[in-house]
């Protein structure tokens, strides 16, 4: 099911990356900030070929988990492996893992083009790839402008462009629909589904349950830093009228819930 | 889901040996792009040259026109290198701002998270940043010092000296080293403090007051003369050797050595913070 995903939109890949390299494994992950426990013994696996939604209310520990995946924060205990390796050990990580960080990881005084250019240089990605991803996200006409004047939606598109820069087989996207207009939401939804269909691992966080119901096939649900569910969207919703209702049912239940278990 | 061909290739793209040089080159190129793609950093460098040169001329000119008002003893001991480089005590400030912005700008804007996601090995990232900045800062320092020297001589008129005059080559080289080191000292300090505003709030008053002679106050001198900027002043002839008030307890190259130690300490401290702290 993987095969030719490497030539996605222009960047020639040296060889197709085996799908085992695309698995994200979170193992007994814990993260404390002082006395605050942000993530508490979290374990789950994200697989390629489908969009996995990472769901939980604000403050549940989603961003902390994602920062730890990217080596930005050091876990208090446990580890995250991407294709069997720690992120910090990946030689040119942008070619392996594309990440959309919380909006605002961009210097307002720098143009969109130059933001992507330094990112590309840091991982020895050809500069022409910058133009390609700018076109892909629809920012080619504003590429020379400083990002200080960008709307939240434009900053998000720039973040997506940065994530796709290295044509990575794994994508970690933190709240990608934030600040996007309906057209942008539809665009990102189709983009994520397309990337997954090409055999990539797409791990996307959101606190918007209804959005996840439309985008994701699989769900990892956390609350207060702990795993509440790791299952398909269909099974998770089960008899509930909506994903919100299903979430409230699970979140209200203090016992760990794993409908369907871990596949 | 995974076929038999699915052998793990983690790390296979870049071997550890040949990969490191290439990785460093990539990080340096990225840091270089960051520097010239921001107006603030480019302006800080241009301002360093302009301010130092302008002050050099003005101070030289002031000395030249008021030379006859000096007491005869001071006329005799007049050292043209003092007015030549005195302007650098203020001209260095934009360069210090540049050194702070290199790192502080990343924390202020949140770019640090994108940087560390792209280059997760903290030592590689930080080393690449210093490696990209150091030659540029040295080049800007050399241009600044030479331009300031010539502007000051133009201002000094009849009292001017040539680049080959007694003590001038050492002072010129020393001034280049001083500016480069004080800038990298600022970078290290900003990495430890992880903020532009916080770093400038500490560095600028110290450097500004130092240039205004606080290091010469008899009660404070025994300690303050060892601050980084004070230690660098001897080689630029900004202190009077042997003078009980304006002299220093060490020579020009010892002073430079003290500044090197300060800079090394700041850069190492910055590395330790960079390595340990969450982004």
Of the conditions (1) out of contact with any strand residue (DSSP E or B) (no Cβ under 6 Å at 6 or more places or on another chain); (2) more than 9 Å from chain B (Cβ to nearest Cβ); (3) surrounded by 17 or more Cβ atoms within 10 Å (Cβ to Cβ), residue A:148 clears all except one; give me its number. (3)
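Could you tell me which residue of the stretch A:165-198 is farthest from residue A:244 (Cα to Cα), considering only residues that are assigned to a loop (DSSP other than H, G, I, E, B) and more than 15 Å from the chain's Cα centre (by Cα)?
Only one residue tops the list, namely A:198.
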Given (1) within 7 Å of chain B (Cβ to nearest Cβ); (2) touching a helix residue (DSSP H, G or I) at 6+ places or on another chain (Cβ under 6 Å); (3) under 23 Å from residue B:126 (Cα atoms), where does residue A:120 come up short, assuming only one miss? (1)
Name the residue that is nearest to residue A:111 (Cα to Cα), counting only residues in the stretch B:33-50 that are within 8 Å of another protein chain (Cβ to nearest Cβ) and surrounded by fewer than 19 Cβ atoms within 10 Å (Cβ to Cβ). B:39
The lone exception for residue B:141 - which of (1) closer than 12 Å to residue B:41 by Cβ; (2) buried (at least 24 other Cβ atoms within 10 Å of the Cβ); (3) more than 13 Å from chain A (Cβ to nearest Cβ) it fails: (1)
Somewhere in the stretch B:176-187, is a residue in a helix (DSSP H, G or I), in contact with a helix residue (DSSP H, G or I) (Cβ under 9 Å, 6 or more places away or on another chain) and without any contact (Cβ under 8 Å) to a residue 40 or more places away in the chain? yes
Identify, please: which residue in the stretch A:70-89 is in a loop (DSSP other than H, G, I, E, B) and more than 7 Å from chain B (Cβ to nearest Cβ) and is, among those, surrounded by the most Cβ atoms within 10 Å (Cβ to Cβ)? A:75
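Taking the options B:62, B:53, name whichever one is away from chain A (no Cβ under 14 Å), under 19 Å from the mean Cα position of the chain (by Cα) and touching a residue at least 40 places away in the same chain (Cβ under 8 Å).
B:53
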Is it true that some residue in the stretch B:111-121 is surrounded by 22 or more Cβ atoms within 10 Å (Cβ to Cβ), more than 8 Å from chain A (Cβ to nearest Cβ), in contact with a helix residue (DSSP H, G or I) (Cβ under 7 Å, 6 or more places away or on another chain) and assigned to a helix (DSSP H, G or I)? no
Taking the stretch A:35-54 on its own, how many of its residues are within 14 Å of chain B (Cβ to nearest Cβ) and either over 20 Å from residue A:193 (Cβ atoms) or in a helix (DSSP H, G or I) (or both)? 4
Could you say whether any residue in the stretch A:95-102 is buried (at least 24 other Cβ atoms within 10 Å of the Cβ), modelled with pLDDT under 95 and either assigned to a loop (DSSP other than H, G, I, E, B) or facing another protein chain (nearest Cβ under 8 Å) (or both)? yes
First in the stretch A:82-97 and without any contact (Cβ under 8 Å) to a residue 24 or more places away in the chain, second anywhere and buried (at least 24 other Cβ atoms within 10 Å of the Cβ) and assigned to a strand (DSSP E or B), Cβ under 9 Å, 6 or more apart: A:87/A:97; A:90/A:82; A:90/A:97
Residue A:57 vs. criteria touching a strand residue (DSSP E or B) at 6+ places or on another chain (Cβ under 8 Å) and facing chain B (nearest Cβ under 10 Å): no
Lone unmet requirement of (1) free of Cβ contacts under 8 Å to residues at least 60 places away in the same chain; (2) closer than 18 Å to residue A:188 by Cβ; (3) surrounded by 24 or more Cβ atoms within 10 Å (Cβ to Cβ) for residue A:153: (3)
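Which of the residues spanning the stretch A:13-33 are over 19 Å from residue A:202 (Cα atoms) and modelled with pLDDT of 90 or more?
Scanning the stretch A:13-33 gives A:28, A:29, A:30, A:31, A:32, A:33.
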Suppose we keep only residues that are free of Cβ contacts under 8 Å to residues at least 40 places away in the same chain and closer than 26 Å to residue A:192 by Cβ within the stretch A:105-117. Which one would you say is nearest to the other protein chains (Cβ to nearest Cβ)? A:117
Just wondering, is there one or more residues in the stretch A:220-227 that are in a strand (DSSP E or B), within 13 Å of the chain's Cα centre (by Cα) and more than 14 Å from chain B (Cβ to nearest Cβ)? yes
For the stretch B:146-159, the count of residues that are surrounded by fewer than 17 Cβ atoms within 10 Å (Cβ to Cβ) and over 20 Å from residue B:179 (Cα atoms) equals 4
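The values are calculated or read from the model by the stated rules, or taken from the named source; none is laboratory data. Predicted, not measured: the structure shown is a model, and the values here were computed from it. Methodologically, a virtual Cβ is constructed for each residue, glycine included, from the backbone with ideal geometry; neighbour enumeration extends over all protein chains shown.
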